[in-house]
Amino acid sequence: MSLHQSIDPSIEELLPLAKKEGIATVWDRHQAMQPQCGFGQLGICCRICWKGPCRIDPFGEGPQRGICGADADTIVARNVSRMMAAGAAAHSEHGRHIALALQQVAEGNYPSYRVKDEAKLKGIARTLGLDCEGKEILDIAAEVARRTLEDFQSQDHGKPCNWISATLTEKRLEKLAALHVLPHNIDAVVAQIMARTTVGCDADATNVILGGVKGALADYAGMVLATELSDALFGTPQPVVTSSNLGVLEEDAVNIAVNGHNPLLSEVICDVAAQMGAEAKAAGAKEGINIVGICCTGNEVMLRHGVPLAANYLSQELALLTGAVDAMVADVQCIMPSLAEISACFHTQMITTMDENKISGATHVPFREATATENARQVIELAIEAFRRRNPKRVSIPRVKQTAVAGFSAEALVGALSKLDPEDPLKPLIDSIAGGAIQGIALFAGCNSTQAVQDSNFVTIAKKLARNNVLLLATGCGAGAMAKNGLMTREATESYAGEPLRAVLTAVGEAAGLGGPLPLVLHMGSCVDNSRAVGVAVAIANKLGVDLDSLPLVASAPEAMSEKAVAIGTWSVALGIPTHLGIVPQVTGSRAVTDILTEKTRGLFGGYFMVETNPDLAADRLLGVIQERRRALGI
Ligand code: BF8
Ligand code: SF4
């Protein structure tokens, strides 16, 4: 049974336990939801006004228009465009949060934070066209924050967001400008999508989708600024050896799981926990405090602190079922509301921290940047208190744990390559691509979904691409899937990489002092860190003097689920990257919208969506695209 749900071995032990205890998990609720609404699956249900809900008959017999006259194309386009706006809102709200924190740090406020990576901040300033000569670091921080916040405030429709102009290729910027999809202000573009898709507005499917694309590019802006400013504040990731899956929980420690996306609190929890070990020991936890990560907050602290990753999205409830999590600390996004209810079945203290993200039944510790250290201490004290109540008889930590080498920021990757060619670090990579030892690059991103067998698509596609000498990058829950399944190790490189790829990964890894090959899949970070992969691709494209849509570069979100994934996939397409989805998107009720997303975007942007739910066939299609692009480049 479990094989139909997940390939994560920890469920073998934990799902029977859930059943015994009468605790429902995400898979039980998925089952109870069957059959799911066919209109919703096709995207042809509209409920944006109270004359509705309206639904279009997909068989052509019943209504073909909603009460206002909207047809399936309009309804599907509006629905998916609104998902892009929601994704953009989520990522850029996170980004804004970081930018505002940087601004306060620059003004000498927020004592819990500082600019940890000054070199990175100066690099960002240069990227944004700011002059750092002779300036104090906090002055540079203030200017970077101001320039960043302009992207949320500008009223100049003719001037694209600073973070977009500064980070894409010239040719791409021209193309996007010609199509009128370059955002000038992240918030304004999100608001515009909501406005134009409300009742009685934009009804032309292509126009609605292009409006959504602009929102998706605003999503990109929000992500890249979130990633880059987080690096300045918290440090730029470098390779770190850590571990993954629920075996990272410790019986003899106060286990604190940090879940969500925004690193502002989790960073400080890591710092403060390092000073509170004695208090945990006094409560009887021989090993002190053990911080573990879940979802993208997990990825953030994994990359910067080597904190082990306990779970990706679909496994977050399983962490609680171990009976060993003393506090589950949630910030924002992708936190299952069910966590509060399941925590209540155990001693676990479920803690929410952001005022705009509460869950009934959870304890709310209002997090403020100005008092971050005290807030972190409060959270840890609650965890220690919960530990005292832990029932050892109910603890069952699955013995599943994989080594994972993480931390491949663009800087870390270039740093490793520079050991082979200090003058021209990208050259060994480009030569390997041109020579064929690396056939292409694939970025695995996105979520887990109950619509697929958890982690399975990621692992199957990755292994097949690796065998065919494709360099693999991963972020988000995709990275979690790869880590949990042992693909972020040198052993995986030895077992699964094609011979030429293995030779390149070995040469780079050894030159970089890792004592062996780079891992088979390079962990670039959380979902906002997809921007890191864009950074690498743009650097390669600029060096070759081509645009992104010429590169043998593909993306795959084989278990995509969230609105954020819809936004990411769409900007990936708009940047010229063929993007695979392993879940059928909720658009197929409109032939026109399906054609726009899978065909017409190809002519407009060079990128397009490919939908294939069979991972083996998906890998073949991705390999086919890489070969097509290689042929076009004459390599
Ligand atoms: O931002 S991959 S399930 S945790 S949305 Fe969520 Fe999807 Fe995971 Fe991270 Ni991204
Ligand atoms: Fe129905 Fe039109 Fe209202 Fe949508 S906007 S619910 S299609 S009447």
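Numerical summary
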{"quantity": "Val573 vs. criteria under 21 Å from the mean Cα position of the chain (by Cα) and surrounded by fewer than 20 Cβ atoms within 10 Å (Cβ to Cβ)", "calculated": "no"}
{"quantity": "Of all residues making up region 38-55, the number that are surrounded by 13 or more Cβ atoms within 10 Å (Cβ to Cβ) and more than 9 Å from ligand 2 (Cβ to nearest atom)", "calculated": "6"}
{"quantity": "Residues located in region 526-555, provided they are within 16 Å of ligand 1 (Cβ to nearest atom) and either in a loop (DSSP other than H, G, I, E, B) or under 17 Å from Asn457 (Cβ atoms) (or both)", "calculated": "Ser526, Cys527, Val528, Asp529, Ala555"}
{"quantity": "Region 337-348 residues that are in contact (Cβ under 8 Å) with a residue 12 or more places away in the chain, paired with ones that are part of a helix (DSSP H, G or I) and among the small types (Gly, Ala, Ser) (beta carbon under 8 Å, 6 or more apart)", "calculated": "His347/Ala386; Thr348/Ala386"}
{"quantity": "Residue list for region 439-458, restricted to those being surrounded by 22 or more Cβ atoms within 10 Å (Cβ to Cβ) and either of a type in the set (A, V, I, L, M) or free of Cβ contacts under 8 Å to residues at least 60 places away in the same chain (or both)", "calculated": "Ile441, Ala442, Leu443, Ala445, Ala452"}
{"quantity": "Selection status of Ala203, in contact with a Phe, Trp or Tyr (Cβ under 6 Å, 6 or more places away or on another chain) and either over 26 Å from Gly476 (Cα atoms) or not in a loop (DSSP other than H, G, I, E, B) (or both)", "calculated": "no"}
{"quantity": "Residue match in region 576-596 (condition: crowded, with 24+ Cβ neighbours inside 10 Å, within 12 Å of ligand 1 (Cβ to nearest atom) and in a loop (DSSP other than H, G, I, E, B))", "calculated": "no"}
{"quantity": "Verdict on Ala88 being within 30 Å of Ser590 (Cβ to Cβ), in a helix (DSSP H, G or I) and within 16 Å of ligand 2 (Cβ to nearest atom)", "calculated": "no"}
{"quantity": "Residues located in region 173-205, provided they are within 15 Å of ligand 2 (Cβ to nearest atom), free of Cβ contacts under 8 Å to residues at least 12 places away in the same chain and small (Gly, Ala, Ser)", "calculated": "Ala195"}
{"quantity": "Verdict on Thr493 being among the hydroxyl-bearing types (Ser, Thr, Tyr) and within 16 Å of ligand 1 (Cβ to nearest atom)", "calculated": "no"}
{"quantity": "Scope region 380-431; condition surrounded by 16 or more Cβ atoms within 10 Å (Cβ to Cβ), charged (D, E, K, R) and under 30 Å from Arg532 (Cα atoms); matching residues", "calculated": "Lys401, Glu411, Lys419"}
{"quantity": "Pick from region 1-50, criterion free of Cβ contacts under 8 Å to residues at least 40 places away in the same chain and among the basic types (Lys, Arg), ranking: farthest from Leu321 (Cα to Cα)", "calculated": "Arg47"}
{"quantity": "Odd one out for Glu133 among (1) touching a Cys at 6+ places or on another chain (Cβ under 8 Å); (2) modelled with pLDDT under 95", "calculated": "(1)"}
{"quantity": "Top-ranked residue in region 56-76 [being in a loop (DSSP other than H, G, I, E, B) and charged (D, E, K, R); ranked as nearest to ligand 2 (Cβ to nearest atom)]", "calculated": "Asp57"}
{"quantity": "Residue count, region 401-434 (criterion: out of contact with any Leu (no Cβ under 6 Å at 6 or more places or on another chain), assigned to a loop (DSSP other than H, G, I, E, B), more than 14 Å from Leu522 (Cα to Cα) and of a type outside the set (D, E, K, R))", "calculated": "2"}
{"quantity": "Residue tally, condition touching a helix residue (DSSP H, G or I) at 6+ places or on another chain (Cβ under 6 Å) and either in a helix (DSSP H, G or I) or within 16 Å of ligand 2 (Cβ to nearest atom) (or both), over region 483-501", "calculated": "2"}
{"quantity": "Residues that are outside any loop (DSSP other than H, G, I, E, B) and either without any contact (Cβ under 8 Å) to a residue 60 or more places away in the chain or within 13 Å of ligand 1 (Cβ to nearest atom) (or both), drawn from region 556-571", "calculated": "Ser556, Ala557, Glu563, Lys564, Ala565, Val566, Ala567, Ile568, Gly569"}
{"quantity": "Filtered residues of region 1-37 (kept if surrounded by 15 or more Cβ atoms within 10 Å (Cβ to Cβ) and polar (S, T, N, Q))", "calculated": "Ser2, Gln5, Ser6, Ser10, Thr25"}
{"quantity": "Elements of type strands (runs of 3 or more DSSP E) in region 281-384, at least 2 residues being within 20 Å of the chain's Cα centre (by Cα) and within 16 Å of Ser266 (Cα to Cα)", "calculated": "289-294, 309-311, 327-330"}
{"quantity": "Number of positions in region 263-322 that are under 18 Å from Leu249 (Cβ atoms), within 16 Å of ligand 1 (Cβ to nearest atom) and not aromatic (Phe, Trp, Tyr)", "calculated": "21"}
{"quantity": "Selection count, region 522-553, where residues are among the aliphatic types (A, V, I, L, M) and out of contact with any strand residue (DSSP E or B) (no Cβ under 7 Å at 6 or more places or on another chain)", "calculated": "11"}
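The values are calculated or read from the model by the stated rules, or taken from the named source; none is laboratory data. None of the values given here were measured: they were computed from a predicted structure. FYI the Cβ positions are ideal-geometry reconstructions off the backbone, even for glycines, and counts take in every protein chain you see.
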